[in-house]
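Inspection log for the structure reproduced underneath, given as structure tokens.
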Amino acid sequence: MIQIENVSKQFKDKKQIVTAIDYVSFSVKKGHVVGLIGENGAGKTTLLRMICTLVQPDEGTITINGMDNFKHKEQVRSRLGVLFGAETGLYNRLTARENLEYFGSLYGLTAHETKNQIDMLSKRFGMRKYLDRKVEGFSKGMKQKVAIARTLIHDPDILLFDEPTTGLDITSSNIFREVIYQYKKEGKTIIFSTHIMDEIAHLCEDVIMMHKGQIVYEGGLEELYEQEKSRDLNYLFTSKIVRGDLYV
């Protein structure tokens, strides 16, 4: 379970102070898939970076499975799989296989465990043909597949994805969605941000809508549909912003 309590974060931009996260609170239940919606600059990426311990909040607390994620960074990180948009985290001079072997070793996997995970993930994402080629010659979509495999190599309990289908073609995006379904069945907890409302509608049971560092809605999709008498997420999100709703 992920618990966020009164979390805030500010950054200095030249001489200005910019509030990225403005005293946000919410919780994510174990095994739930949560969609994170918001315009560019709404605070989605900052929020995900705080959850995965890359950015420390100015105020508030974040706990994962009962552990404070800054007092117990290493334990928390071992449970997380993280992918931030175009930041693949891959080494171009290494092959796809060598990249995955390297990250497997960082997570403490044995050579046998790593090999089994690579075999499974390369088959699932259709990477076998280029598994032993250097990453530097890969297309954006090919790199994104390897990056997703890197995120999953250690079979984490919690997955954080920021725009995970960026650069993927239709087939690859569908494969990724099937992976989400599968991990949901296995009881994984997943948070992912996306601008593609169909992904939210088809993959998520809960949604968090953000605007200017604040939450305008947090809860179940079906409850939102019933509350607003509409199933059009684009309309619902825009409506929440226009009305200036704040989640309480």
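A short reminder: the numbers here are calculations on the coordinates, not readings from a lab. Just so we're clear, the structure is a prediction, and the values are computed from it rather than from any experiment. Ideal geometry is used to build each Cβ from the backbone, glycine not excepted, and the neighbour counts take in all protein chains shown.
Once both labels are positioned 7 Å from their Cα atoms along Cα-to-Cβ, the gap between ASP169 and ILE17 label points is 5.1 nm.
Relative contact order, whole percent, for the chain stands at 26, derived from Cα pairs under 8 Å and 6 or more residues apart. Summing Lys and Arg as +1 and Asp and Glu as -1 over all other residues whose Cβ lies under 11 Å from the Cβ of GLU186 gives a net charge of +1.
For region 191-248, the set of trypsin sites (Lys or Arg not before Pro) satisfying both a DSSP loop assignment and a count of at most 12 other C-beta atoms within 10 Å is given as LYS229.
Can you flag which of LYS140/LYS185; LYS29/LYS184; LYS30/LYS185; LYS9/LYS29; LYS30/LYS145 are past 19 Å Cα-Cα? From the list (LYS140/LYS185; LYS29/LYS184; LYS30/LYS185; LYS9/LYS29; LYS30/LYS145), the Cα-Cα distance tops 19 Å for LYS140/LYS185; LYS9/LYS29; LYS30/LYS145. Using a Gaussian network model of the chain in which every pair of alpha carbons under 10 angstrom is joined by a spring, one finds that among ILE170, ILE190, ILE51 the greatest mean-square fluctuation is at ILE170. Computed packing ranks the peptides 221-227, 154-160 as 154-160, 221-227, most packed first, by mean other Cβ atoms within 10 Å. Between the C-alpha center of region 207-242 and that of region 43-58 there is a gap of 22 Å. For the chain, the antiparallel share of DSSP beta bridges with both residues in that region comes to about 55%.
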